[in-house]
Every structure is written in C-alpha cells, then in structure tokens.
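What follows is a single structure, written as structure tokens, with notes after it.
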Amino acid sequence: KKGVPVFVMLPLDTVSMGGGSLNRPRAMAASLAALKTAGVEGVMVDAWWGLVEKDGPSMYNWEGYDELIKMVEKVGLKLQVVMSFHQCGGNVGDSCSIPLPAWVLEEMNKNPDLMYTDGSGRRNPEYVSLGCDSLPVLRGRTPIQVYSDYMTSFRERFREYLGNVIAEVQVGMGPCGELRYPSYPEANGTWAFPGIGEFQCYDKYMKASLAAAAEAIGKNEWGRGGPHDSGHYKQYPEETGFFRREGTWNSEYGRFFLEWYSNMLLDHGEKILAAAEKIFRGTGVKLSGKVAGIHWHYKTRSHAAELTAGYYNTRNRDGYLPVAKMMAKHGVVFNFTCMEMRDGEQPEAAGSSPESLVRQVKMATKRAEAELAGENALERYDGSAYSQVINTSRSETGSRLSAFTYLRMNRRLFEADNWRNLVEFVRAMSEGREQERLPESDRTGTDLYIGFLKQ
C-alpha cells in the first residue's frame, strides 16, 4: 500500500500526575472516536518515567496507561508509546511539568554530576547525563539498567497488546525523547532561537572520558574540557572562534573533539537501542528512535547548532549517516521532526534550511537502509504545513516515510476549519496523492463529532 499512515500525538498530560488514571476520560473517548472517523491510524502517548516509576526504584504504576490502551483498542485505533526518560517542561510546546522521578532527583542532588553540565557549570535536570550510562549511580543500577528494567516492566504488563494495539515503541534517548544533548535549553531564557547552543560535556564523567580519549592519542592538553572559544548559547557562529567560517571546528583539534562528542552520543543510542531490541524482540512491535530537526545555521559551513547537540554534521561531513546506520543495525525506525517547515518561513539571519536538512536525512536513511518516519516540529493547523508534509513524505529523493505522527491533539484541532484540514490531510496521505479541497461537509459524519466535542 503506497499510503502513509497518520498518527496523532495525545496531550502531554493524558495520564494524571498520580499516574493512576486518565485525565478527562470522557473527552478522550470522544476525541479518539472522532480521530477514528477521520481515518487516522492511531495515536501516540508519552509513558513518562516521572509518573510510572515515581514511587521508588522498580515500583511501576502503569494503571493510567492500561486505561488508555483499553480505550484505544475499543475505538479500533493503534498506539505508539514513547518510553519518555526525560522531564516534561522547559521546552517548546511543553504545557505541563513532569520532572524525573523524585528518587532520581535525590541522587542528582547528592551528585550533581549526574546532570548534563555546560562550560560555565550550569546543570540540566531534564535527563541523566550519558556520561554515567554504565555506572551504578541510580541506587545500585546503571541508567541503562534502569531504562531496560522499565521497558521490561512495560513489556510484561502489556504483552497481549504488543504488535496489535501497541504498534510501536519509541525509545527515549535524551531531552524531549530525542537522541541529542540538551544544548539549547529554553528554561529561564538560557537559550533563544537561533542561538548556536553550548557543548554539554562538563560533568565529571564526560570530562574523564574526554581526558582518556585525548591521552589515548598522546594529546593530553586536548582533554581538559571542551573548546574554549565556542561562544555562548545565544550567539551566532561568526561571533565565535570555533564555529566561524574558518574556525577551529575544522582543525585537527576540532575534529578530535567533535568526533569524541558525537561518538559518545552514538554509543549512548547504541546501548539503549540494543537493550530495547532484545526486550521487544519477537513481540511484533516496531521500535523507533527520534532525532531532532536542528535546521538553524544549516547554511553555514560549521552547522554550529547541530554540533553542540551532538550531530557531527558539517559542510564536509554527513552527521546523519552514522545515526541512521546505528538505527538500521537494530531494525529501529529513524523518526525525524520538522517535516512541515519551509525555508521561506524562517528568518534570514538564522541561516535556516529545514528543507535541505530533511532532504539530507532522507538520503542518509536510504543509504543506511533505515526506515524513516516523520513528525511536525511545531503545532500547525494550516493547509500549507500539511501540503509540505505531503510533499516531504514522497520518495523522489531518498526514503519515503513509513508513518507520520501529527503534533498535537488539543482543543484547537477540533475547530471546524482545522478539523477539515486534518481530515483532508489524512486522506491525501493514506492515498499517497496531492491534496485536494474536500467538500465542506463529508459523508463520514465527522462534523457531528466536532459539534459533540464542543459541548
């Protein structure tokens, strides 16, 4: 079938803060029924670590998710579940706050080096630093063990739904669930678009790894920390010695550092996905991993914003091919954002090219023989964003999309014009054709549901 199935992301706070039940179950049931009539394949939900394992190590509460899965099954939809090992809050579009489990935050308080840290010592509690992946720093378990135990608990609890109702498990590997460093944190105005961000390699574990890597090639002086001239969060590449056109990024030292920094991220992804692949093998569920669409400063030589996030992608190096190969090796779908963006919508000064970035990722996944799926990065309800996704989902260049997840279900989505656009988009995607205007009301009776939801 040539069409692309469309999933819709559920609200971030679908499951209540207690973790034991659904927020607004009646509205949710009505919304799911409406989505079903629109021809949507399924929905996506975050299974927050901060809700499920909040009562203590290895004490899991899946009740709210159990309720949702049964509701989704009853309506006849499929479900994508995200293993969300990051905090909710402090990023674009975050409408609620779900920190990491309290017992994890306690460990972070005792040992702040469990947090990603920048050059000026700022700590970030969004996600446990990958520097300590293999150390028993979480009450006797390593972070990788903790993530594995969590996924195993999920598999055991929902075994009967895996591969039928639960079609996909997306494995969180960093902030926002993405395989990246938290190089552009929005909280407290630390970073603002289109800043280059900062390297996050200053916790003691990352520093030790860097020192060892430098020593291994007999360049001890290279192991004393990240580049000293890489600027600050809100700067532009040309304002720094490291990222400017003829900057240090392209020197022997720059290449050493960027290779180490990006390899640490790849190894982190590799460890988590290898564990996930073992855990879900034979269940019939698809695995996916998410990569951030960092499109600003893409037109410069150094691609500064991508580098600080851990993607070693420059004018003369493809940073997405190694990621795609790593995912392909474990049979994991490469999920990429910013599928709806056009170059013309971006401010000139940002050096943005989301369209070139998406093209590059499509080529990389094709070369690596990895499956590619997409999401939109920002909430959009307009025809122009939808038609951009439809164009992007085709396979003229590189991979075609195997699925698309639309961000996000909320009240606005059910307003008449927005809803009509969604119905039309889903139909065009499923038939793999150009978008045409739909008649004002359609035979499937979707308008009835909109009216029903408004009450």
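What the table shows:
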quantity	calculated
Protein accessible area in the chain, 1.4 Å probe - carbon and sulfur %	50
Debye, to nearest 20: dipole size of the chain, +1 on Lys, Arg Cβ, -1 on Asp, Glu Cβ	780
Whole-number accessible area per residue in Å² for segment 149-217, which is evaluated in the context of all protein chains at 1.4 Å	33
Segment 216-346, Cα convex hull volume normalised per residue, Å³	131
Pairwise label distance in nanometres, C96 with E215, each label 7 Å out on the Cα-Cβ vector	4.7
Projected label distance in nm at A208 and E252, using a 7 Å step from Cα toward the beta-carbon	2.9
Per-residue SASA entry for R412, accessible area with 1.4 Å probe, Å² rounded to 10	120
Among beta bridges that DSSP assigns inside the chain, antiparallel share in %, nearest 5	15
Degrees between helix 204-216 axis and first principal axis of the chain (Cα, 0 to 90, nearest 10)	60
Most positive-pole-ward Cα, G20, I390, M108, against dipole of the chain from beta carbon charges	I390
Extended-chain gain in nm, criterion 0.36 nm per residue less alpha-carbon gap, D55 and N111	18.1 nm
Probe 1.4 Å, accessible area per residue of segment 1-79, Å²	37
Efficiency of FRET from Cβ geometry, E73 and R317, R₀ 45 Å, rounded to 0.05	0.50
Amide H within-cut-off set for Y406, under 5 Å, with H built and near neighbours excluded	F7, V8, M9
At most 11 other Cβ within 10 Å, DSSP loop - GluC sites (Glu not before Pro), segment 333-429	E369, E396
Projected-area mean, segment 1-120, by convex hull of Cα positions, square nanometres	10.0
Angle between the chain longest axis and helix 252-280 axis [Cα atoms, degrees, rounded to 10]	40
Spacing of the two label points (7 Å from each Cα toward its C-beta) at W103 and D229, in nm	4.9
Where segment 92-148 is the region considered: accessible area per residue in Å², 1.4 Å probe	39
Net lengthening on full extension, A416/K366 (0.36 nm per residue, minus Cα-Cα)	14.2 nm
Equivalent-ellipsoid semi-axes of segment 298-407, from the Cα gyration tensor, Å, largest first	21, 19, 11
Cβ-derived FRET efficiency at R0 45 Å, N188 paired with K2, nearest 0.05	0.45
The chain: Cα Rg divided by the 2.2 N^0.38 Å rule of thumb	0.96
Spherically averaged projected area in nm², based on the convex hull that wraps the Cα atoms of segment 53-176	8.5
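The values are calculated or read from the model by the stated rules, or taken from the named source; none is laboratory data. Keep in mind that what you see is a predicted model, and the values were worked out from it rather than measured. For neighbour counting, all protein chains shown are included, and Cβ atoms are generated from backbone atoms with ideal geometry for every residue, glycine included. Only protein heavy atoms, including side chains, enter the accessible area calculation; ligands, DNA and RNA are left aside. Shrake-Rupley method; radii C 1.70, N 1.55, O 1.52, S 1.80 Å.
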